[in-house]
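The values are calculated or read from the model by the stated rules, or taken from the named source; none is laboratory data. These numbers were taken from a predicted model, which means no experiment stands behind them. Using ideal geometry, Cβ is built from the backbone for each residue, glycine included, and neighbour counts are taken over all protein chains shown. What goes into the accessible areas is simple: the full protein's heavy atoms, side chains included, and nothing from ligands, DNA or RNA. Shrake-Rupley method; radii C 1.70, N 1.55, O 1.52, S 1.80 Å.
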Amino acid sequence: MCPGKVMSLISLKNQMERLFGVVARHAKVIVVIGLVLSAASTYYAVRHLTLLSSFAGLTSDESSFNKNYASFVHEFKVQSNILVVAKGPVPHKNEEFLDRLSEVLTGNPYLAKVYYKFDLTPFKAWALAYPDRVTLKKIDTTIRLAKPLFTQIGNQVDLTRFWETVPKLSQQSSSFQGDVSDLSDVKTLIDVMTEKLQGKNELPKFESALKDFEKIEEPQYITLNHGEYALFFAEPLKNAKGEEQTKSSVLSLREAIRKIQPEFPQVEAHLLGEPVLGVDEMETAEHDILWAGAISLILCAAILIAGFGDVRKTGLTVITLFVGIGWSLGYLAVSVKHLNVFTLSLFPMLIGLAIDFSIQFLGRYREEREKGMSPENAARITYFSTGTGLFSAALITSLGFFAIAFTEYKGIAELGIATGGSLILCFISTMTILPALLIAFDHNLVGRTVSRNTRIESYIFSHSGIVLTVALLATLFLGNKARDIRFDHNILHLQAKGTDSVQTELDLINASDKSSLFAVIVADNVKQAQNYINRLHALSTVGNIQSPLPFIPSDQKQKSPLLNQIKEDAADINLIPALKPVDILRLKASFEEVNRLIERTQKKLRLAGETLNLFQALVYPGSQLLQHKSLTSSLANLYLSLDSLHQSASHFLAVIDQTDPSVAASRLTQFQNDIYRQLTKIIDLLKTGAPDHTITLSDLPENIRDQFVGRTGKIMIQVYPAQNIWERPALERFVNELREVDPNVTGSPILIFETTRLMLDSYKQAAKIAFWVIVLVAFLHFRTMKLTFFTLLPLAVGLLWLLGLMVLFHQAFNPANLLTLPVILGIGVAFGVYVVNRYRQEKHPSIFSTSTGRSVLLSALTSVAGFASLLGVRHQGLQSLGFTMTVG
């Protein structure tokens, strides 16, 4: 042995001798100090350790996608919005539900503001600026054609006089107006009258070019799928520390919904959005980990009692574990300062990992006690035999975790810092509190335990060839399967099955192809924003696009003369309601005359068509004049429109004959009044809807500017996906296409895409670092490649078997269970260290006949029991973690 190695061993032995001397002399004092420090650490952690309910803040602020998002948040004062979705078959009931919810939430101490409808009355003054120039010309033509009609009927909206006047105006006209769309409008009017005559209540409205502005004085609710979904947005209030009170906001919203739900039996209300998903996930994880931890502790205690046959020593082991966990809580509060969805899984890990130290110590201690040693001498021998192996195992495992701290993803790096430090503290607890407890309180005589494992061990030794062959075949088979292992990026699959927020998100996607997630492109000005939008419309992955640009009229300068002309032409139109109810007999007579007019016009068109064909045959035989063809086509289209109009008019006459005259008069008079109200609104818009200046972003209502216009005037474009981007392939296509439009695109889809990618890369990096650190420290401990290889070979084979079994059981890696790889590395190499260390001492492979073999078996069983407790939880991420760790 080289002098350097001898000196290092002597130094380590001297340090351990001093430490054990203190523990042995002051056992009870050490226990009291340990318990007090544990209690103080736990108290400090409760006061200062916070809980992150989302993935926010778990990535590096220096990454480009985080910088883009931070810039966007600063520009637009972005807040996390909680979305309430009111779903029901009757749209107005959904809207009434949201009105009631807003009323109940008035003065809520956890919400900054809510919004679910918009006041768009300012747009009424700009109504004429929005249609295109072709439509505006048609509006002006319609006004000019309508004015003689209104003059003939005395500006009364009287159905009877209207249909009496139509034939007269036709006879006065010297030329035929052949616009097919005009005939379409007349046909629509006749069809609506027929439906009203039949008693149908839900009547289609006339397609006016200004139809979107006719009811603009009413509040506009935010709806989807024709009103089946009504949306309500709530913004959490920040506390004194500037933190959003997300959880309290979610709970208060759910309480308000429960309160008013009985008033609206037809309406379902659900909460949605990233804050809600985060709260639901964290609540489920907290609940599941608490119960899993309790079950794990009970199972571990039961296994130890069965394995050691001693309740008292098992109790001392559990006390040691609790002291270590208490110290670890204080360490967490000082180091990472918060728990996240990753570090929350630390506690079942600690139960599985840290209790191994106590099991190994207690196993060797019991072996020495069975030889008749006193508690102090048994503890001393254990200290200097098993203690060095425990030190190496703890160092290897903790260094493997500390190595993870250098990965790029902060959430995983924090897990490395938290677990690495906690394992060291639990090891210190094992080497101080446990021997002190044993020396102070273990005074009972110990009988010799008969090993039940020597038979199995002797069989393995005598059939080593068969064992190795079977292991090799299993490795080849499962190794081949392991090639198909996959990674599931969909974070919705981590939530508890049936979680309301997840199910609502999926329902919303299925019903309207609209996710609650949207990407954001920021434009410097209107011109750039319009360019972005034009390019976005060409993308197959893009669904809905929202921006302030639809509120800014286009071609405002070019439209100005037309707007002034329309305003002037409409100025002297002053409609009045009909002075009398509808006269059914007169109306029927006038309609019969209109029908005859249609028939006469059809005959003229047919004659005109035949004349053109004769002209073609006689004057230009064999030629195909473009003008002739165009005119013939126009006449044919007009003939077909007239034929359709004739059918509608004939149908109306048939229905009016079948309807009681008094009923018909009542229904059509009501319809006449509806027409008056609708036409009055349109005429008022024509008179007042021309803006007197160029409309810009600064003219938009405050609620729209707040949503889409930033502090410095930049413009937000919200881009919703056309597919379910919770699935990775769709998300990847969506993000890649958007980045072709704007490399700096940001928003939740980009954060999820980059975070999961970074998470996967960090896991891979962490596993590599942990593996090489473990190899290095194992080699430094054993100082020979042979023993290092023996230590690591079962670990490598076990990992390969794990991957193959995951494929066989249709399991995939995900952001939750992938963190088990460094844990499995730590546990696996610790077992190897214990076994090889004992073999090096005994110079004989018979391990299971010793305390080390029994302790390794108990450690494995407690680890399996600890993580198997997660198999029954609701949180699918923790459930997959439990499966991976149990099998691994």
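Structural remarks
- Gap separating the Cα centres of segment 396-422 and segment 553-583, nearest whole Å: 73 Å
- Using equal-weight Cα scatterers in the Debye expression, the normalised intensity of segment 75-138 in log10 at q = 0.17, 0.21 Å⁻¹ is -0.84, -0.97.
- Ranked order, 643, 442 - accessible area, probe 1.4 Å, largest first: 643, 442
- Once the chain from residue 580 to residue 768 is taken as fully extended at 0.36 nm per residue, the excess over their C-alpha distance is 58.7 nm.
- Residue-level accessible surface for residue 596, protein heavy atoms, 1.4 Å, Å²: 110 Å²
- For segment 849-888: accessible area per residue (Å², 1.4 Å): 29 Å²
- Modelled spin labels at residue 841 and residue 572, positioned 7 Å past Cα toward Cβ, are 11.5 nm from each other.
- Relative contact order, whole percent, for segment 742-888 stands at 25, derived from Cα pairs under 8 Å and 6 or more residues apart.
- Accessible area per residue for segment 531-607, computed on protein heavy atoms with a 1.4 Å probe, is 56 Å².
- About the centre of its Cα atoms, segment 110-163 shows a dipole size close to 100 debye [charges on the beta carbon of Lys, Arg (+1) and Asp, Glu (-1) only; nearest 20 debye].
- Listed pairs 67/410; 137/714; 113/259; 481/764 exceeding 24 Å between Cα atoms: 137/714
- Neighbourhood charge, 11 Å Cβ-Cβ cut-off, centred on residue 575 and excluding it, Lys, Arg +1 and Asp, Glu -1: 0
- For residue 790, the solvent-accessible surface computed with a 1.4 Å probe is close to 100 Å², ligands and nucleic acids excluded.
- Farthest towards the positive end of the charge dipole of segment 276-390, among the residues 390, 300, 335, is the Cα of 390, using unit charges on the Cβ of Lys, Arg, Asp and Glu.
- When the solvent-accessible area of segment 336-421 is split by element, carbon and sulfur atoms take up 63 percent of it, the probe being 1.4 Å.
- Alpha-carbon centroid distance for the pair segment 806-837 / segment 238-295, whole angstrom: 34 Å
- For segment 231-303, carbon and sulfur atoms together expose 62% of the accessible surface, with a 1.4 angstrom probe and every protein chain in place.
- FRET efficiency, residue 152 to residue 703 (Cβ-Cβ, R0 51 Å, nearest 0.05): 0.65
- Centre-to-centre separation between the Cα atoms of segment 676-697 and those of segment 60-124: 30 Å.
- Sorted from greatest to least, the principal axis extents spanned by the alpha carbons of segment 536-607 come out as 56, 37, 30 Å.
- Accessible area of segment 772-811 belonging to carbon and sulfur atoms, whole % at 1.4 Å probe: 82 percent
- Mean projection area, nm², convex hull over Cα of segment 370-434: 4.7 nm²
- Highest-first arrangement of 87-94, 404-411, where packing means the average Cβ count within 10 Å: 404-411, 87-94
- Linear extension gain, residue 237 paired with residue 294, 0.36 nm per residue minus alpha-carbon span: 17.0 nm
- Per residue value of the accessible surface for segment 733-797 (all protein chains in place, 1.4 Å probe), Å²: 46 Å²
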